[in-house]
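The next block holds one structure in the form of structure tokens; read it before the comments.
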Amino acid sequence: MVFSIILPLSGPLIPGLILIVSALTGIYFLQNPDHEENFFTLDNLVSTLRKIPFPLFLLLVPACLVSLYSLFLGRYDLNYSTEAIPIIDRYLKLPLGIYYQISQSLGVPLLLIIIGVNVFLIKKHFNSEEGRKIIGTLKWIGIFSVVYLLLLPLGGYRPYRPNKF
């Protein structure tokens, strides 16, 4: 419980990670609503919140609040205020930054290739309940990765790492 309050204040990446994981946790519990026709109603939201285990809820709520506070404080960082570039330019630099991450070393492409081969092998040879759970977990990791990448330019631009946000 203590770390859920301290951790969001320990760096610029952790508050975003906590908020994304918390949002994906809520979406996970929202997947099977009791009433399909009224997906976004107050009753459905309350029933979804009741589905989340209480210890997890007790950890996520303070962590989310402190993460939001940490992101609010990060907006007023005066160290690089003269180096600010518009958000649209940051999003235009994002594909180049992703390309550099993939092409500058062998580790990232090798990891992506191995994950792709494993997914192929699981779908082809291990199409069981456990295989479907692994593929489902990989889908959630993929969703998390895409959301995280799309939020990176909102974190600001640093001149000492021009193509890495």
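The values are calculated or read from the model by the stated rules, or taken from the named source; none is laboratory data. These numbers were taken from a predicted model, which means no experiment stands behind them. We place every Cβ from the backbone using ideal geometry, glycine too, and count neighbours over all the protein chains shown.
Details
- Members of segment 144-165 that are in contact with a helix residue (DSSP H, G or I) (Cβ under 7 Å, 6 or more places away or on another chain), aromatic (Phe, Trp, Tyr) and modelled with pLDDT under 80: TYR157, PHE165
- Per-region count, segment 110-138, residues loosely packed, with under 10 Cβ neighbours inside 10 Å and of a type in the set (Lys, Arg): 1
- VAL66 being modelled with pLDDT of 85 or more, under 18 Å from the mean Cα position of the chain (by Cα) and part of a helix (DSSP H, G or I): yes
- Test result for ILE122, β-branched (Val, Ile, Thr) and in contact with a helix residue (DSSP H, G or I) (Cβ under 8 Å, 6 or more places away or on another chain): yes
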